[in-house]
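For reference, the structure discussed in these notes is given below.
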Amino acid sequence: MDDVTTAFRSAFGYGPEGVWAAPGRINLIGEHTDYNDGFVLPFALPHALTASAARRTDAAVRFRSRQSEDGFEARLPDLFPGAVEGWAAYPAGALWALRDEGYTVDGLDLLVDSTIPTGAGLSSSAALTCATVMATASLHGVDLGPAEVARLAQRVENDFVGMPCGILDQSASMLSTEGHALFMDTRTMGTEQVPFDPSAAGLNVLVVDTRAPHRLVEGHYADRRRACEEAARHLGVAALRDVADLPEALAALPDDVARRRVRHVVTENARVLETVGLLRSGDLRAVGPLLTGSHTSLRDDYEVSVPEVDTAVDALLAAGALGARITGGGFGGCVVALADADRVEACEKAVREAYRERGFAEPAVFGALPSAGARRLYP
Ligand code: ADP
Ligand code: MG
């Protein structure tokens, strides 16, 4: 806190009016289900981004990040889709989205600082947009609920940055609470806080950032979406969420690829519901095999894994993790695992050794207990 206040002061010559924090997130289970009207179960990471900010009344904006050498200065009317390059597009888009929806907001001095690895699939971008929307709205007297902030932040990525993401990341950052996973029905947008306290059960959640180079992520993502939509049409359902009888659906599909994609989505939705049930009954250890089942399905049926990810999952399981899986869109990114607290060190060591043997880049490994969602830190 003192640290970012001092950084704001040295950037702009005066103190911030407020400091907001928005966390990164990881999806425990429920992958590639969100665009099939299905279920997801993310939770907030202890890693967060802070936005220290002060209101301006002269239509000027100035952005600084402690993670970038590039500062940004502009005037509000110059912020429109396509006009801003680089990281500043995210906070610029936040101001644009608020104004585009008719809210009266003026200028802003903003300093961001973050412990969320960027581009690793842990949603640093959603944390940045959510924190900026919150800071801007609050400083200019606009009263927004957390779900509304999430919706505006999604618009920033979709319409200003040009990233066609769903609302999972933003909702997770805004709505998560400490000691809970956020169960979300992406059809109704209904959410529910599900108690998830691994440390009380003697467990820890381990995250491996594989640092694998992303490979044509967007093309693959679009391709998987299209396959699901085509399969849903073929089966006469609104979305794959509505497949009630899996064997019957599989028999009705024309080719093996379609069958495998559908099998993943349908079984993954079932695994989310089963995980929620286990968390509610406090049987956290039993969640492990569901994570591994999710990974197998994503690797073999959905085909979104890569060797770095499979190597991490195999090493974790061999070292005694209760379960492990790829998390996020795939083709790189992170692995999430559940392990006994006293196995965490062995798990980390196993992953590092396996990576060295295979000649992969050094991964980042950290523990991640379900943490608080976005909030105002000061005053
Ligand atoms: P992810 O959201 O998984 O981290 P994205 O590619 O969606 O990956 O977003 C990463 C981008 O967000 C970065 O390239 C940068 O433009 C922006 N960003 C995130 N955190 C910061 C930060 N602390 N400072 C500046 N830009 C950031
Ligand atoms: Mg992102």
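Report, by residue number, each residue of the stretch 255-302 that is more than 20 Å from the chain's Cα centre (by Cα), over 20 Å from H180 (Cα atoms) and outside any helix (DSSP H, G or I).
D255
Considering only the stretch 127-148, how many residues are within 16 Å of ligand 2 (Cβ to nearest atom), touching a helix residue (DSSP H, G or I) at 6+ places or on another chain (Cβ under 8 Å) and touching a residue at least 60 places away in the same chain (Cβ under 8 Å)?
So the answer is 4.
Could you pull out every one of the strands (runs of 3 or more DSSP E) wholly within the stretch 16-109 that has 3 or more residues that are under 29 Å from A372 (Cβ atoms) and touching a Lys or Arg at 6+ places or on another chain (Cβ under 8 Å)?
18-29, 39-56
So Q154 passes all but one of these: (1) in a helix (DSSP H, G or I); (2) touching a residue at least 40 places away in the same chain (Cβ under 8 Å); (3) within 16 Å of ligand 2 (Cβ to nearest atom). Which condition number does it fail?
(2)
Does the stretch 53-72 include one or more residues that are in contact (Cβ under 8 Å) with a residue 60 or more places away in the chain, surrounded by 14 or more Cβ atoms within 10 Å (Cβ to Cβ) and small (G, A, S)?
Scanning the stretch 53-72, I find at least one residue that is in contact (Cβ under 8 Å) with a residue 60 or more places away in the chain, surrounded by 14 or more Cβ atoms within 10 Å (Cβ to Cβ) and small (G, A, S), so the answer is yes.
Inside the stretch 314-352, can you point out the residues that are under 12 Å from D209 (Cα atoms) and surrounded by fewer than 20 Cβ atoms within 10 Å (Cβ to Cβ)?
Selection gives R352 alone.
Just a yes or no: is a residue in the stretch 300-312 of a type in the set (S, T, Y) and over 26 Å from C165 (Cβ atoms)?
As a first pass, look at the stretch 300-312 and keep what is of a type in the set (S, T, Y): 302, 305, 311.
Okay, now just the ones that are also over 26 Å from C165 (Cβ atoms), so 311.
Yes, the stretch 300-312 has at least one match.
Please indicate, with yes or no, whether at least one residue in the stretch 332-345 is assigned to a loop (DSSP other than H, G, I, E, B) and in the same structural domain as A238 (by TED's automatic domain parsing).
Within the stretch 332-345, one or more residues are assigned to a loop (DSSP other than H, G, I, E, B) and in the same structural domain as A238 (by TED's automatic domain parsing).
With the condition kept exactly as written, say whether any residue in the stretch 221-229 is within 16 Å of ligand 2 (Cβ to nearest atom) and either basic (K, R) or at pLDDT below 95 (or both). Spell out the reasoning first.
First, pick out the residues of the stretch 221-229 that are within 16 Å of ligand 2 (Cβ to nearest atom): 221.
Adding the requirement that they be either basic (K, R) or at pLDDT below 95 (or both) leaves 221.
Yes, the stretch 221-229 has at least one match.
Out of A127, A135, A150, which single residue is surrounded by 19 or more Cβ atoms within 10 Å (Cβ to Cβ) and near ligand 1 (Cβ under 10 Å from one of its atoms)?
A127
Give T311, T275, T296 a once-over and let me know the one that is at pLDDT 95 or above, under 27 Å from K349 (Cα atoms) and crowded, with 17+ Cβ neighbours inside 10 Å.
T311
Go through the residues of the stretch 102-115 one by one and say whether even a single one is in the same structural domain as P164 (by TED's automatic domain parsing), more than 11 Å from ligand 1 (Cβ to nearest atom), free of Cβ contacts under 8 Å to residues at least 12 places away in the same chain and farther than 30 Å from E308 by Cα.
The answer is yes, given that some residue of the stretch 102-115 is in the same structural domain as P164 (by TED's automatic domain parsing), more than 11 Å from ligand 1 (Cβ to nearest atom), free of Cβ contacts under 8 Å to residues at least 12 places away in the same chain and farther than 30 Å from E308 by Cα.
Could you run through the stretch 98-119 and say how many residues are buried (at least 21 other Cβ atoms within 10 Å of the Cβ) and within 16 Å of ligand 2 (Cβ to nearest atom)?
3
Would you say L144 is of a type outside the set (F, W, Y), in the same structural domain as R55 (by TED's automatic domain parsing) and in a helix (DSSP H, G or I)?
no
Among helices (runs of 4 or more DSSP H) lying entirely in the stretch 158-254, which contain 1 or more residues that are among the β-branched types (V, I, T) and over 15 Å from the mean Cα position of the chain (by Cα)?
Per the criteria, 217-235.
Only one of G323, G329, G288, G293 is within 16 Å of ligand 2 (Cβ to nearest atom), closer than 30 Å to R225 by Cβ, of a type outside the set (K, R) and outside the structural domain of A181 (by TED's automatic domain parsing). Can you tell me which?
Residue meeting the stated conditions: G329.
Kindly indicate whether any position in the stretch 184-203 is within 15 Å of ligand 1 (Cβ to nearest atom) and either assigned by TED's automatic domain parsing to the domain that holds G282 or surrounded by 17 or more Cβ atoms within 10 Å (Cβ to Cβ) (or both).
no
Kindly list the number of the only condition in (1) within 16 Å of ligand 2 (Cβ to nearest atom); (2) surrounded by fewer than 24 Cβ atoms within 10 Å (Cβ to Cβ); (3) outside any helix (DSSP H, G or I) that fails for L122.
(2)
The values are calculated or read from the model by the stated rules, or taken from the named source; none is laboratory data. Predicted, not measured: the structure shown is a model, and the values here were computed from it. Here Cβ is always computed from backbone atoms with ideal geometry, including for glycine, and neighbour counts include all displayed protein chains.
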